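Student: One structure is given below, represented as structure tokens, and several questions about it will come after.
Derivation of every value follows stated rules applied to the coordinates shown; laboratory data play no part. Remember, it's a predicted structure, so these values are computed and weren't measured experimentally. Neighbour counts run over all protein chains shown; Cβ positions are idealised from the backbone, glycine included.
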Amino acid sequence: MFLFRLLNFGLGLYELGLFIYILCSWIVHPVSVNIRRGLARAYEPVLTPIRRWVPAPRFGGVAFDLSPIILLIVLGLLRRILFALFF
């Protein structure tokens, strides 16, 4: 039970950090740039392979990076698998 709570907390914390990372990419401010730079060390190693597998779709001259959404889906699936294993 303790292991489940620890893993669930860790995944939840990682998801929260990913949301902050995404929000900081939309905000142009020196503080958000520093936060994003710090969080990039935790998320870019995971997002880069996803970007290689799933190219960003283009709409007009704008490309949408879907890798954070895919990572959130994978993290949600991991949480469900952990729940199924422990309960």
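Student: Residues of segment 32-62 being more than 15 Å from L72 (Cα to Cα) and among the aromatic types (F, W, Y), which ones?
Tutor: Matches in segment 32-62: W53, F59.
Student: For the subset of segment 50-75 comprising residues that are part of a helix (DSSP H, G or I) and out of contact with any helix residue (DSSP H, G or I) (no Cβ under 8 Å at 6 or more places or on another chain), which member is surrounded by the most Cβ atoms within 10 Å (Cβ to Cβ)? Lay out the reasoning, then the answer.
Tutor: Step one: list which residues in segment 50-75 are part of a helix (DSSP H, G or I), which gives 50-53, 67-75.
Checking the rest, the ones that are also out of contact with any helix residue (DSSP H, G or I) (no Cβ under 8 Å at 6 or more places or on another chain) come to 52-53, 69, 73-74.
Working: R52: 9, W53: 8, I69: 14, I73: 11, V74: 12.
The selected residue is I69.
Student: Pick out the one residue from L75, L71 that is in contact (Cβ under 8 Å) with a residue 60 or more places away in the chain and touching a Leu at 6+ places or on another chain (Cβ under 7 Å). Outline the logic, then answer.
Tutor: Details: L71 fails: in contact (Cβ under 8 Å) with a residue 60 or more places away in the chain.
That would be L75, the only listed residue that is in contact (Cβ under 8 Å) with a residue 60 or more places away in the chain and touching a Leu at 6+ places or on another chain (Cβ under 7 Å).
Student: Among the candidates L7, L11, L47, which residue alone is touching a residue at least 24 places away in the same chain (Cβ under 8 Å), hydrophobic (A, V, I, L, M, F, W, C), over 12 Å from L71 (Cα atoms) and surrounded by 13 or more Cβ atoms within 10 Å (Cβ to Cβ)?
Tutor: After ruling out the rest, the residue left standing is L7.
Student: Another one. Is there any pair linking a residue in segment 15-26 that is of a type in the set (D, E) to one that is in a helix (DSSP H, G or I), with Cβ under 9 Å and at least six apart or on different chains, and which?
Tutor: Listed pairs, sorted by first residue: E15/L71; E15/L72; E15/L75; E15/G76; E15/R79.
Student: Next question. Take segment 14-44 and flag every residue that is surrounded by 11 or more Cβ atoms within 10 Å (Cβ to Cβ) and in a loop (DSSP other than H, G, I, E, B). Steps first, please.
Tutor: Narrowing segment 14-44 to residues surrounded by 11 or more Cβ atoms within 10 Å (Cβ to Cβ): 14-15, 17-25, 27, 32-36, 38-40, 42-44.
The answer is I27, and nothing else.
Student: Give the residues of segment 33-44 that are in contact with a helix residue (DSSP H, G or I) (Cβ under 6 Å, 6 or more places away or on another chain) and touching a residue at least 24 places away in the same chain (Cβ under 8 Å), sorted by residue number.
Tutor: Of segment 33-44, the ones in contact with a helix residue (DSSP H, G or I) (Cβ under 6 Å, 6 or more places away or on another chain) are 35-36, 39, 43.
The answer is Y43, and nothing else.
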